[in-house]
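A short worksheet on the structure shown next.
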Amino acid sequence: MSQRHRLPMGFGPLLDRRAVLAGGGGLALLGAAGPANASIVVPELDRSDRIIPAEARYGMVTSREATATRVGVDVLAAGGNAIDAAIATCFALAVTLPQAGNLGGGGFMLVRPADGSAPVALDFRETAPGRAGRELFLGPDGEVDNRLARYSHRSVGVPGSVAGYADALARWGTWPLDRIIEPAIALARDGFPMSRALARDIARSQKRLNQWPQSKVVVARPDGGAYLAGETFRQPDLANTLALIARDGPDGFYRGPIAVAIADEMRRHDGLIDERDLAEYKTVVREPVRGTYRGVEIVSMPPPSSGGALLIQMLNVLEGWPIAELGFGSAATLHRMAETMRRAYADRYKHIADPAFYDVPLTGLISKEYAEALRAGIDLQRATESKTLSPGEPKAYESNNTTHLSVMDRDGMAVALTTTLNFAFGTGIVAEGTGIFLNNEMDDFAARPGAANAFGLVQGEGNAIEAGKRPLSSMSPTLVLDGTETAIATGGQGGSRIITSVLQYLVNTLDHGMNLAEATLAPRIHHQWLPDELRLEQGFSPDTVALLEAMGHRVAVRRSGATVQNVRRVPEGYRGFADPRRPGGLAAGPD
Ligand code: GLY
């Protein structure tokens, strides 16, 4: 590992100015006067170190659940690479964080191989079953039936997680699948102490889970009572399912008894997924979206996620303003951010959907020229009313219980992986006898173009339901590149707030010089065009809130609950920080 951190040339002026502002202490700029393609070498990105994150020498795993993080750390310590650790963590999360970790959901990951070659995106998002169509969630009156869209067997998309985990392992891993799954099998079979957080989430979802006897039996004690924190939580059906996958690979899920159990579950309750849907599920390798922010290269998830496109679009707009000088948390900064978010989410409505079904003007959306045009339309003194704002016209060049993990290994391989069931426990439906919670990702489609989904996201025609299509997502696994090394792996959970959370993490890091703990903890804002509301977490000053209101923002101060899970490469090794907005996360690595 290099002793110093390299950043591209374009980061120079910002760092230079910071060095002066900070009195120059601790910041060495070397090579700034070199040839145009030379790198600037800085000791580290974290220019403020008020709160100390986890540190380790030989790699780092950050996830939302501590036992699963430890599984990943053990893999790194035993010589596995970042993918081995990430996938072992995912299987463990399916057991220890059944609200979000999963076999019955889907997700996205970005992987950067240790040789510093280009990052690759792997899409293992759910697909609409072959018999799904645009009327699926409309009642006889033409209105959207939200129960059907969110809590029924029809809400379930064809799961992609097992295919994604196995595919990633085959492409980039070094350990066999059965060894990777072993710890998850043991956790499901032998049990683990029920955490306070899981007990609480089960209690909160009780109504939904109790509707289905096969689900109730998974989350209740053998005597039918609710688990108390500290009691041993065992999932024997899930242990058997995991053992089948360990033995047969993805076929253990997509063909054979598990596939039949899922299809039977559907047949019994008017669901749509059949054996053929499962057997035909495929992951997709995609070219990530790439952009730059103040000269630093950002790589993120392309459609069918809106995450990467919006993230880069918003960074492009913000780049035109001196955000560092305007200051963290100032009304001037927050207003610019809110107006940028408002416009990006309006574009999400019209322009982003599954690219296999819809012509996404991606190059236009993430171009600096388009960002300039958006910026020029922003009144720096006044909030725009969302209802007066239509999606823009980029050039046509061509729930909330998701979970994210970031991993880096000692050789520099980096993984940012987000996976979800959509809501906590997805539909709340377990395919009988399998222990697998089934997602409700079909609600991420536009049940009727123009109608809002559970995140209040109004979605357009391109995201209407079609057989085999992947629903539009906000998941934003993201890497920040540093030449041939990867400086940051990040991503988050929190439905529509994922993208704005990752955005603010990056701005806090790259503009405000916060270290990864501070950048994670700093209060955040969120605007998603519709509803026309600027959400602020607690922690901003009342003066700032008053200024924003005076500019015309409809401010709502509320808890966010969206989290980001981060790993940073630093000269001494790695730093990690698990966002404490949700309890139970852990960043750790082998030393
Ligand atoms: N289910 C949330 C998302 O994919 O954005």
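The values are calculated or read from the model by the stated rules, or taken from the named source; none is laboratory data. As the structure is a prediction and not an experimental result, all values here were calculated from the model. Cβ atoms come from the backbone with ideal geometry, glycine included; neighbour counts cover every protein chain shown. Quick note on the areas: whole protein, heavy atoms, side chains included, nothing else; ligands and nucleic acids left out. Shrake-Rupley method; radii C 1.70, N 1.55, O 1.52, S 1.80 Å.
Of note:
- Close lysine pairs were tallied over the chain: pairs 8 or more places apart or on different chains with Cα atoms under 14 Å apart number 4.
- The C-alpha atoms of region 285-397 occupy a region whose extents along the principal axes are 41, 34, 21 Å, arranged from largest to smallest.
- Local charge for ALA556 was computed over the other residues whose Cβ lies under 12 Å away, with Lys and Arg +1 and Asp and Glu -1, and equals 0.
- Loop-located trypsin sites (Lys or Arg not before Pro) in region 513-591, at most 14 other Cβ atoms within 10 Å (DSSP): ARG558, ARG559
- Kirkwood hydrodynamic radius (C-alpha pairs) into Stokes-Einstein, region 62-186, 37 °C and 0.692 mPa s, D in µm²/s: 204 µm²/s
- Shown for the chain: the carbon plus sulfur share of the solvent-accessible area, taken with all protein chains present and a 1.4 angstrom probe, equals 52%.
- Accessible area expressed per residue, the chain, with surrounding protein chains retained (probe 1.4 Å, Å²): 34 Å²
- Contact order relative to length of region 534-591, as percent, for alpha carbon pairs under 8 angstrom and 6 or more apart: 26 percent
- What you get for the chain, charging only the Cβ of Lys and Arg (+1) and of Asp and Glu (-1), is a dipole of about 840 debye around the Cα centre.
- Across region 443-518, C-alpha contacts under 8 Å between residues 6 or more apart give a mean separation that, scaled by the residue count, equals a relative contact order of 19 percent.
- Gained length - GLU135 relative to THR232, 0.36 nm times residue gap less alpha-carbon distance: 30.5 nm
- Gyration tensor (alpha-carbon) shape descriptor, region 175-268, a/c threshold 1.5: oblate
- Anisotropy class of region 428-576 from Cα gyration tensor, a/c 1.5 cut: oblate
- Working from Cα pairs under 8 Å separated by at least six residues, relative contact order for region 154-287 is 34 percent.
- Helical mean residue ellipticity (222 nm; -39500 (n - 2.57) per DSSP H run of 4+; nearest 500) of the chain: -10000 deg cm²/dmol
- Alpha-carbon centroid distance for the pair region 383-438 / region 329-364, whole angstrom: 16 Å
- Taking other residues whose beta carbon is less than 12 angstrom from the beta carbon of GLN206, and scoring Lys, Arg as +1 and Asp, Glu as -1, yields +4.
- R0 of 30 Å, Cβ-Cβ distance GLU372-GLU287: FRET efficiency to nearest 0.05: 0.80
- The spacing between region 517-536 and region 269-323, judged by their C-alpha centroids, is 20 Å.
- Each other residue within a Cβ distance under 11 Å of VAL71 adds +1 if Lys or Arg and -1 if Asp or Glu, for a net charge of -3.
- For region 466-487 and region 210-228, distance of Cα centres in Å: 36 Å
- Distant-in-sequence amide H partners of ASP145 (H built 1.01 Å from N, under 5 Å): LEU138, GLY139
- The smallest convex shape that holds all Cα atoms of region 167-210, its convex hull, gives 129 Å³ per residue.
- Solvent-free Debye scattering, log10 I(q)/I(0), computed from the Cα coordinates of the chain at q = 0.06 Å⁻¹: -0.28
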